[in-house]
Amino acid sequence: MNEEVLKEIIKAAKEEFLSLGYNEASMRNIAKKANLTTGSLYYRFLDKAEMLDAVVGNEAEELLTMFKRIQNDFAKKEIKSQVSEMGSYTENGLHVMINYIYDHYDAFKIIICKSKGSKYEFYIDSLVDIEVENTYRFINELKDKKLKVREPSEDLIHILCTSFFASIFEVVQHDMKREEALKYADEIYAFNEAGWSVLLGLDFKEVK
């Protein structure tokens, strides 16, 4: 596909999704905005779902990859280091992610606010699954150290992880400025970390 034509299509599609959302977006409108016939657009893209992938797919996958890398790097540390560095390391990881979101704001505005009816409607669930998996990993490593730690129910862990990411993505819902969003994320993380400390019933000073 001609690169200039592709740029015009992506630009038109992004405008359409941002304006109307996935469900109401029209391939006909996108073609018109890109100065193409509808048939020409369908020749290049199978359907609206493939079009949405072209607009937000790379950014969505990169954020997931970034979060997995942050979690994996953290998991490689000794458990004592994980405990002592939890606040700063995770907070810094959140900053990296939020800055990426703001560097690609339109894509994530579509994913978080305009994707109902598409596979991206449940994008946050993918991040939650990674967080849940690593929460269990962390709890199990504490247990391996023979520390007395309460293990919340599977449902509660999932609910809390979902609530955390839903809160973080409120920065997009509310169109916060980048600096405001970073400050908000720090406060949400501090609240979240304190809550987990109480819920696990663990004195982190005991971790050797």
Original post:
Among (1) open to solvent by 20 Å² or more (accessible area, probe 1.4 Å); (2) touching a Cys at 6+ places or on another chain (Cβ under 7 Å); (3) in contact (Cβ under 8 Å) with a residue 60 or more places away in the chain, where does VAL172 come up short?
Top reply: (1)
**OP:** Could you grab me the full set of residues in region 123-167 that are β-branched (Val, Ile, Thr) and at pLDDT below 95?
**Re:** THR135, ILE139, VAL149
Original post:
From the list ALA194, ALA185, ALA166, ALA181, which one is in contact (Cβ under 8 Å) with a residue 40 or more places away in the chain, open to solvent by 40 Å² or more (accessible area, probe 1.4 Å) and small (Gly, Ala, Ser)?
Top reply: ALA166
**OP:** Mind listing whichever residues of region 77-118 are in contact (Cβ under 8 Å) with a residue 60 or more places away in the chain, in a loop (DSSP other than H, G, I, E, B) and surrounded by 14 or more Cβ atoms within 10 Å (Cβ to Cβ)?
**Re:** LYS114, SER115, GLY117, SER118
Subject >> Members of region 1-21 found to be surrounded by fewer than 21 Cβ atoms within 10 Å (Cβ to Cβ), under 26 Å from the mean Cα position of the chain (by Cα) and more than 13 Å from ASP106 (Cα to Cα), listed by number >> reply: LYS7, LEU20
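The values are calculated or read from the model by the stated rules, or taken from the named source; none is laboratory data. Nothing here was measured: the structure is a model prediction, and the numbers come from that model. Cβ atoms come from the backbone with ideal geometry, glycine included; neighbour counts cover every protein chain shown. In case anyone asks, the SASA skips ligands and DNA or RNA and just uses the protein heavy atoms, side chains included. Shrake-Rupley method; radii C 1.70, N 1.55, O 1.52, S 1.80 Å.
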